[in-house]
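Quick notes on the structure that follows.
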Amino acid sequence: MDIGDWLVSPNCALDEQIAKEIFDILPERGPIVIIMDREGHRWVSDPEKFSKLSVRDSFWSKLCAKIDDGTEPVITQADDCGIVAAELATEQTECGYVVIILPQYSPESTLINIDLVETLLNQAGLIAKLIERNNLLCELQRKQLSSYTQKETSSN
């Protein structure tokens with residue numbers, strides 16, 4: 001399969017593409033990263049660690065509501081984890097949310113490292129923008145190739 005095929009595949013949502021790229025670069029013992037779409041579907045970098053957290057769905061809904069109200073990034077705590085979340089958007093698409101879970105981080109240690117966490121949030125946004133641009137370029141290229149093919153078959 002060509003790289004352009006999976007990037008613009010209708011079966012592969014932009015959020016899922018973003019998650020795949022981000023999760024591929026995370027260190028093994030790094031933070032848990034969640035990409036959530038606007039409908040609440042989640043892609044989790046480490047589902048095993050995530051399942052051990054006792055965080056209810058209502059927590060995620062409230063977190064997203066705070067972001068939608070303009071609070072960004074949202075910094076909070078659940079169990080023994082620091083949590084930082086923000087909107088994930090490109091110029092054309094409101095993708096959803098990116099959440100970074102820092103296991104065994106107190107509120108103080110989360111705040112001490114907030115610059116690094118915000119850098120990761122910004123990188124997620126950059127990855128989203130690059131994937132979207134690449135998807136648009138691939139679609140444009142397909143349309144151009146299709147029009148050339150149609151012109152060739154009509155001239156024969």
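The values are calculated or read from the model by the stated rules, or taken from the named source; none is laboratory data. Please read all numbers here as calculations on a predicted model, not as lab measurements. Every residue, glycine as well, gets a Cβ built from its backbone with ideal geometry; the counts of neighbours run over all protein chains shown.
Need the failing condition index for Glu139 against (1) at pLDDT 95 or above; (2) in a helix (DSSP H, G or I), just the number.
The one condition Glu139 does not meet is (1).
What number goes with the only condition from (1) out of contact with any Phe, Trp or Tyr (no Cβ under 9 Å at 6 or more places or on another chain); (2) of a type outside the set (A, V, I, L, M); (3) under 20 Å from Lys129 (Cβ atoms) that Gln104 does not pass?
Going through (1) out of contact with any Phe, Trp or Tyr (no Cβ under 9 Å at 6 or more places or on another chain); (2) of a type outside the set (A, V, I, L, M); (3) under 20 Å from Lys129 (Cβ atoms) one by one, Gln104 breaks only (3).
In region 90-112, which residues are over 17 Å from the mean Cα position of the chain (by Cα) and either under 17 Å from Ser45 (Cβ atoms) or surrounded by 16 or more Cβ atoms within 10 Å (Cβ to Cβ) (or both)?
Just the residues of region 90-112 that are over 17 Å from the mean Cα position of the chain (by Cα), to begin with: 103-112.
Correct list: Pro103, Gln104, Tyr105, Thr110.
State all residues of region 43-82 that are among the aromatic types (Phe, Trp, Tyr) and closer than 18 Å to Ala124 by Cβ; if no residue qualifies, say none.
Trp43, Phe50, Trp60
Report, by residue number, each residue of region 113-124 that is closer than 21 Å to Asp46 by Cβ and either among the β-branched types (Val, Ile, Thr) or touching a strand residue (DSSP E or B) at 6+ places or on another chain (Cβ under 7 Å) (or both).
Across region 113-124, the qualifying residues are Val117, Thr119, Leu120, Leu121, Ala124.
Scan region 75-89 and give yes if some residue there is in contact (Cβ under 8 Å) with a residue 60 or more places away in the chain, crowded, with 16+ Cβ neighbours inside 10 Å, on the phi < 0 side of the Ramachandran plot and among the β-branched types (Val, Ile, Thr), otherwise no.
No, every residue in region 75-89 fails to be in contact (Cβ under 8 Å) with a residue 60 or more places away in the chain, crowded, with 16+ Cβ neighbours inside 10 Å, on the phi < 0 side of the Ramachandran plot and among the β-branched types (Val, Ile, Thr).
Can you tell me which residue is modelled with the lowest pLDDT among those in region 22-60 that are out of contact with any Phe, Trp or Tyr (no Cβ under 9 Å at 6 or more places or on another chain) and of a type in the set (Gly, Ala, Ser)?
That would be Ser54.
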